[in-house]
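Chemist: Please read through the structure below; I'll follow up with questions.
The values are calculated or read from the model by the stated rules, or taken from the named source; none is laboratory data. Worth saying up front: this structure is predicted, and the values here are computed from it rather than measured. Every residue, glycine among them, receives a Cβ derived from its backbone with ideal geometry; neighbour counts consider all protein chains shown. Surface accessibility is based on the protein's heavy atoms, side chains included, excluding ligands, DNA and RNA. Shrake-Rupley method; radii C 1.70, N 1.55, O 1.52, S 1.80 Å.
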Amino acid sequence: MASPHDLTFQEFEEAADLLSSNPGASTLSISSSGEVKVDLSEDEDNQQESSELLGGEKQTGGFWTFEYYQSFFNVDTIQVLDRIKGSVIPLPGRNFVKHHIRNNPDLYGPFWICVTLVFSVAISGDLYTFLINMGDPGYHYRPQFNRVSIAAVTVFLYAWLVPLGVWGFLTWRQSVERRISGYTFLETVCVYGYSLFIYIPTSILWTIPVYWLEWLLIIIALVISGSVLVMTFWPAVRDDTKLTAFSTMAVIVSLHALLAVGFKLYFFQTPTYTGSSHSGQQTTPAANHTTLTLGKHQ
Amino acid sequence: MAEVEESSKRMFAGLSDISISEDIPVEGDISVPVRSQNADDDFSTLDEPVKDTILRDLRAVGQKFVHVLYPKKSSALLKDWDLWGPLLLCVTLALMLQGGSADSGDDGRPQFAEVFVIIWFGSVIITLNSKLLGGTISFFQSLCVLGYCILPLTVAMIVCRIVLLGSISSISFVVRLIVVTASFCWSTFASTAFLADSQPANRKALVVYPVFLFYFVIGWMILTFSPSP
């Protein structure tokens, strides 16, 4: 057995040889203060690896495991509130994805904002119909419960199919022209989900039956959420040909506008005398009939 | 090496005197949980009259109702969860809320199946949401708590139905509004008292908000219930 005095540091000549042959390799140096500094050299493989780790999705396990879905709910209350604030107050130059999502897309926000929107549109539409028809004695209030299912189908189709289309289109352009940076599918869904938040207070305010106010609210909501979408997707298509860039933006904004106007027209109908209530429809031909008979009698 | 043996002999020398002599009897009791006693219990619940079994379950459900009505920080709902209470409440609520099939003008009211699906499907989604956010509560415990906390809203439904037996006027609407709002706040508060402890601290609001939305929608369905003319 060697005595303790025999232990000395041995020089490993191979290490010095390895380093001299490949000077670009990453080295580990332990300084006297005890910190460990890892020197990542500048060669391409290292950089691509680290950017993949930072930019790609953290997928733990296959899609059939619970942990896979848990990774999409990795947000705190403060983060969700911050993202909602970012979608309501779009500052120019602040890309929603880069600034707020920061490679941590979540499904909590989009899902619960969609559910809230479904119920707020249905309930506000109910309230609006009630308020409009309050003075009509022939009107009997009945809750339009089937509207909830229609609202749910519309909102969820919009919040999932449109991002799928936008993401697919951007990825296809990215493969055709190498310069464009795209977004992952989850980030697209996230942006669309959070941009729908502004419609929730808008739909609650739509119950006020003042005609010009409703259209003003639509325009304000469209401008705010449309600008969030435009500022997110413009950097992705800006490098493309002018025609594709502008047409992509036009399609995104017009689909958003269609959703808002569709909600307004379907759920917040102003019933004229040929409107939604059955009694209204029946009185119109009867009234015409009586005036005609009166005219004949005279 | 020889010195080591010597010293150990000296250290352990005193212990060799300790021995149990033959004439001191060793006595004592060793109690082992006897398996046969549990088997006797299992058999005895099969032999008991059906009335006892049903009453025992009803008593458990009733005890949980009391816990919901006076919510303290107790774990009674969580420890022995059962789904009888939620089923009873859900069926009662759906029966009272459903639209009459004979009237053609009342097709706007929610059907029995719609209310049933909303309550159960909503509870499942809220449970999944809390588990995905990192909650430590189990799936059925959470379903149990959410179902039992519908009790104040069911009571409000019964009160509304009684109020609507009188005249339909704005006074009855104000009374119904107050009753439904109070019971909705009660339900949300009760379920938060049971569920909040199992969530990580920085995500409590994220878990409480869907519960709030769930009871709000049920409260809305109760408030807009109008009897057939």
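Chemist: Report yes if residue A:249 is of a type outside the set (S, T, N, Q) and open to solvent by less than 40 Å² (accessible area, probe 1.4 Å), otherwise no.
Modeler: yes
Chemist: Does any residue of region A:177-193 turn out to be free of Cβ contacts under 8 Å to residues at least 40 places away in the same chain, within 30 Å of residue A:265 (Cβ to Cβ), of a type in the set (Gly, Ala, Ser) and surrounded by 19 or more Cβ atoms within 10 Å (Cβ to Cβ)?
Modeler: The first filter runs over region A:177-193 and keeps only residues free of Cβ contacts under 8 Å to residues at least 40 places away in the same chain, leaving A:178, A:185, A:188.
From what is left, the residues that are within 30 Å of residue A:265 (Cβ to Cβ) are A:188.
Okay, now just the ones that are also of a type in the set (Gly, Ala, Ser), so none.
Within region A:177-193, not a single residue is free of Cβ contacts under 8 Å to residues at least 40 places away in the same chain, within 30 Å of residue A:265 (Cβ to Cβ), of a type in the set (Gly, Ala, Ser) and surrounded by 19 or more Cβ atoms within 10 Å (Cβ to Cβ).
Chemist: Quick check on my filter: what residues within region B:199-222 are open to solvent by less than 20 Å² (accessible area, probe 1.4 Å) and out of contact with any Leu (no Cβ under 9 Å at 6 or more places or on another chain)?
Modeler: Those that are open to solvent by less than 20 Å² (accessible area, probe 1.4 Å) and out of contact with any Leu (no Cβ under 9 Å at 6 or more places or on another chain): B:210, B:213, B:217.
Chemist: Across region A:119-137, what is the total count of residues that are free of Cβ contacts under 8 Å to residues at least 60 places away in the same chain and facing chain B (nearest Cβ under 10 Å)?
Modeler: 4
Chemist: Which residues, counting only those in region B:186-228, are in contact (Cβ under 8 Å) with a residue 40 or more places away in the chain, at the interface with chain A (Cβ under 8 Å from one of its Cβ atoms) and more than 21 Å from residue B:158 (Cβ to Cβ)?
Modeler: B:203, B:206, B:210
Chemist: Going residue by residue through region A:168-175, is there one that turns out to be in contact (Cβ under 8 Å) with a residue 60 or more places away in the chain and closer than 30 Å to residue B:128 by Cα?
Modeler: Scanning region A:168-175 turns up no residue that is in contact (Cβ under 8 Å) with a residue 60 or more places away in the chain and closer than 30 Å to residue B:128 by Cα.
Chemist: Within region B:191-198, is even one residue closer than 23 Å to residue B:137 by Cα, open to solvent by 50 Å² or more (accessible area, probe 1.4 Å) and at pLDDT 85 or above?
Modeler: No, region B:191-198 contains no residue that is closer than 23 Å to residue B:137 by Cα, open to solvent by 50 Å² or more (accessible area, probe 1.4 Å) and at pLDDT 85 or above.
Chemist: Starting from region B:123-140, keep only residues that are more than 13 Å from chain A (Cβ to nearest Cβ), then list their pairs with residues that are part of a loop (DSSP other than H, G, I, E, B) whose Cβ atoms are within a distance under 6 Å, requiring at least 6 positions of separation or different chains.
Modeler: Every condition considered, the pairs that remain are B:140/B:81.
Chemist: Does residue B:156 satisfy being away from every other protein chain (no Cβ under 14 Å), at pLDDT below 80 and within 30 Å of residue A:134 (Cα to Cα)?
Modeler: Values: away from every other protein chain (no Cβ under 14 Å): yes; at pLDDT below 80: no; within 30 Å of residue A:134 (Cα to Cα): yes.
In short, no.
Chemist: Looking only at region A:100-125, filter to residues that are at pLDDT below 85 and in a helix (DSSP H, G or I); which one of those is least open to solvent (accessible area, probe 1.4 Å)?
Modeler: Checked region A:100-125; the qualifying residue least open to solvent (accessible area, probe 1.4 Å) is A:101.
Chemist: For region A:88-95, check the following and say yes or no: at least one residue is part of a helix (DSSP H, G or I) and either within 12 Å of chain B (Cβ to nearest Cβ) or crowded, with 19+ Cβ neighbours inside 10 Å (or both).
Modeler: There is no residue in region A:88-95 that is part of a helix (DSSP H, G or I) and either within 12 Å of chain B (Cβ to nearest Cβ) or crowded, with 19+ Cβ neighbours inside 10 Å (or both).
Chemist: While we're looking at this one, here's another question. Are any of the residues in region A:71-78 within 14 Å of chain B (Cβ to nearest Cβ) and loosely packed, with under 15 Cβ neighbours inside 10 Å?
Modeler: yes
Chemist: Looking at (1) away from chain A (no Cβ under 14 Å); (2) open to solvent by less than 60 Å² (accessible area, probe 1.4 Å), which is the one condition that is false for residue B:161?
Modeler: The number of the failed condition is (2).
Chemist: Do we find a residue being at pLDDT 70 or above, assigned to a helix (DSSP H, G or I) and surrounded by fewer than 16 Cβ atoms within 10 Å (Cβ to Cβ) anywhere in region A:265-279?
Modeler: yes
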